[in-house]
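Accompanying notes for the structure given below.
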Amino acid sequence: MPTTAIVNIGSLITNDQTLDAGLLGELRDAALVIENGRVAWVGSGAQVPATDRVIDAGGRTVLPGFVDSHAHMLFAGDRAAEFSARMSGQVYAAGGINTTVEATRAASSADLERNLVRLATEMKSSGITTFETKSGYGLSVEDEFRALEIARKHTTETTYLGAHVVPADYKNRGEAGIDAYVELVMGEMLAAAVKAGAKWIDVFCDRGAFDADQGREILEAGRMAGLAPRIHANQLQPGQGVQLAVELDCASADHCTHLSATDIEALAASNTVATLLPGAEFSTRSPYPDARQLWSAGATVAIATDCNPGSSYTTSMPFCIAVAVRDMYFTPEQAIWSATLGGAKALRRADIGHLSVGARADLIQLDAPSAIHLAYRPGVNLIHSTHLAEDFS
Ligand code: NIG
Ligand code: FE
């Protein structure tokens, strides 16, 4: 296997706490050696060992690839008109999801996959090297199965979200229809999701979607079937979603827009990551959660794009970082950490989100003297190149 050195790195963000170099483990004038797609050596540019190949970073910043732990990429159509109405005062509601369900069911599998690949390509050009994607716009046994089958060809981080909303064809039947849909989600649809290789199970636990009791039942059924839980929690209003996430040891509680002091304490005392989604507050014109409270309580925080056609149609992690810093009160360092190592923790992955020895060599070269420029230069494309571990073998 050839070895590769990346030399002449102006600022290297390792996220390695053992270096005693701040939250981001930043080394100046550094170099990195890669062997078998893994980081094999990190240190001063003056001491870099000889390798088969050398990449000159030209003084750029090198950082771990972004880990997008929350996206919804299996869908058809767009909801630009809904966005436009919102910008003129209409309030975001879970019900809009059914518009996308209709378009998704009507789309061919080839079109769904083309759309996923288009979004994944955009993500890579914004520096994302690992993405999670949920199903959740099929909401029938066949349509959830096909979404997850397509997803697993493109990522290992696939999430079954049959419990996104109750689809119109069941909701029309009132209480009995809702109960029947919950049964389906925990029964035949779950079995299909497992067969399609889903890794995670998610529930939208909020107004207009599912309540905490339904959420608990569904996530427990998922766990029994071998899927690991995560939750859409406290997006539209305060509620029990975050507490449920902690109770079930979910990998993450996502959105966290409306948090009480008790929610924050519970997150801080748990293994559940609070995943904030700045694109969603931005695009639904909602109040932003205050990340300072989570950080000072000691909670683990991630930032993700939430890429979806309704509430956050962005694939740009640099955009999310800039908004998180400006409007959620992250420091630039905290936002960069949350979009890399925080995302990895939200997916319970130890091999990504950092560039210490042994990590996957998923990384970004940034056309800037420091990673702070990601927030300092909003809307400017600073991504020089995005490399995956496989590129080095
Ligand atoms: O994460 N909140 C639930 N699901 C998505 C939005 C889905 C939609 O509006 O299509 C979200 O924001
Ligand atoms: Fe979401």
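Please tell me if K124 is charged (D, E, K, R), within 15 Å of ligand 2 (Cβ to nearest atom) and within 22 Å of R349 (Cα to Cα).
No, not satisfied.
From E333, E281, grab the single residue that is farther than 17 Å from T129 by Cα and buried (at least 20 other Cβ atoms within 10 Å of the Cβ).
Only one candidate passes the filter, namely E281.
Condition check: buried (at least 16 other Cβ atoms within 10 Å of the Cβ) and among the basic types (K, R). Does R86 satisfy that?
Yes.
When you check V166 against the structure, is it touching a helix residue (DSSP H, G or I) at 6+ places or on another chain (Cβ under 7 Å) and surrounded by fewer than 23 Cβ atoms within 10 Å (Cβ to Cβ), yes or no? Even if it seems obvious, please write down each step before you answer.
Values: touching a helix residue (DSSP H, G or I) at 6+ places or on another chain (Cβ under 7 Å): yes; surrounded by fewer than 23 Cβ atoms within 10 Å (Cβ to Cβ): no.
So V166 fails the test.
Looking only at the range 196-251, how many residues end up being within 15 Å of ligand 2 (Cβ to nearest atom), small (G, A, S) and under 19 Å from the mean Cα position of the chain (by Cα)?
Qualifying residue count, the range 196-251: 4.
Of all strands (runs of 3 or more DSSP E) completely enclosed by the range 283-393, which ones contain at least 1 residues that are under 22 Å from A30 (Cβ atoms) and either away from ligand 2 (no atom under 16 Å from the Cβ) or touching a strand residue (DSSP E or B) at 6+ places or on another chain (Cβ under 6 Å) (or both)? Steps first, answer last, please.
Numbers: elements: 301-303, 363-366, 383-387.
The qualifying strands (runs of 3 or more DSSP E) are 363-366, 383-387.
In the range 271-324, what residues are away from ligand 1 (no atom under 12 Å from the Cβ) and on the phi > 0 side of the Ramachandran plot?
Those that are away from ligand 1 (no atom under 12 Å from the Cβ) and on the phi > 0 side of the Ramachandran plot: R285, G298.
What are the residues in the range 28-66 that are more than 31 Å from the chain's Cα centre (by Cα) and β-branched (V, I, T), if any?
Answer for the range 28-66, where residues must be more than 31 Å from the chain's Cα centre (by Cα) and β-branched (V, I, T): V48, T51, V54.
Here, each number is a calculation from the coordinates, and none is a lab measurement. Just so it is clear, the model here is predicted, and its values are computed rather than measured. Cβ atoms come from the backbone with ideal geometry, glycine included; neighbour counts cover every protein chain shown.
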